[in-house]
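Written below as structure tokens is the structure these notes are about.
Please treat every number below as a calculation from the coordinates, not as lab data. Note that the structure is predicted; figures quoted are calculated from it, not measured. Cβ coordinates were reconstructed from backbone atoms using ideal geometry, including for glycine residues, and neighbour counts include every protein chain displayed.
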Amino acid sequence: MHIPDGFINAPTAIATGLLAAGGLSVALNRIRKKLPPRRIPLLGLASAFIFAGQMLNFPVAGGTSGHLIGAVLAAVLLGPSAAVLVMSAVLILQCFMFADGGLTALGANIFNMAIVAPGFGYAVYILVRRFTGRTRRGTLVAVAFASWCSTVAASIACAGELAGSGTVAWKAAFPAMAGVHMLIGIGEALITTLVVATVAQRRPELIQERSAPDLRPGYGELIAYGALASLGLAIFVSPFASGWPDGLEKVAASLGFEHRAAAQPVLPSPLPDYAVQGIGSEWISTVLAGVIGTGTAFVLAWLWARLLTPESGRNKVGL
């Protein structure tokens, strides 16, 4: 769902950029005040896992593929404000290092996938939990439905931006984007629910209310397993990602505006298309790019969160 350069006009890019900056500012302010210092490494881990997970495009019907967004995953485990930071870090990294999403559309992509997706998804999650209860089964039902809703909500926001830019009419963009992402959202729900269920077995306090105290003193084991899982996705799974166009690319082709995408990104990237230039093996090239990106995503989100942490709490960060 990453919008490339050329799909939205300047007014839309500016408006969504301001909205994204405002939402990110609010989230960072809340993190500065409320993030427990000892959870800072978890933001890096979530960023690394989501980056690696987004490299895996899974096939959907009609020659279309989709990939994990991960917004609800981050929001449920870390809280909605932390999810905004995690998703923004991933999107910024993808834009500047991999040319995945245009520089002129960065604000729109952050607004859709780092503001709308976690914000709306987390609101749905809290609402559904009121009806399903706080049992493990009720929580997983809420996670699944919220994940699906977050994907569809982000796609509708994208459709609105395309229509507002005059790229395609709203009456065509809305059903096309929402329809294909209703299918992609099923994959999002399955992946997110599986990960949350796995984490809940090891660290149930991560899916309790944000005000609940931690039940155990450290996250070293969780971070170690999560890092291995993230690297495993980048090394062993990402090279087998589906080559079919993703939801936005498919809609652009079917509605006839794919030609509006810029032939070259506004800003050159060192690893375009998730490939290391000069390496003959496509598999090795993809794996190296994935490992580099996964590690960079961890460091970027971790440093960002650490810089927000008051000096008095930094010596309390523990694993």
Amide H proximity to residue 60 below 5 Å, modelled H, separation 5+ or other chain, gives 65, 66
Helix 10-34: inclination vs the chain longest Cα principal axis, degrees, rounded to 10, gives 10 degrees
hull vol. (C-alpha, convex hull) per residue for the chain, Å³ -> 126 Å³
Cα-based Debye curve of the stretch 94-178 sampled at q = 0.12, 0.17 Å⁻¹ gives log₁₀ I(q)/I(0) of -0.45, -0.75
Rounded to the nearest 10, the angle in degrees between the Cα long axis of helix 136-164 and the longest principal axis of the Cα atoms of the chain comes to 30 degrees
Expected sort for 181, 67, 259 with the fewest Cβ neighbours (10 Å cutoff) up front is 259, 67, 181
For the stretch 36-142, using Cα atoms only, the Rg and Dmax in Å read 14.9, 46
Between the alpha carbon centres of the stretch 1-26 and the stretch 99-174 the gap in Å comes to 15 Å
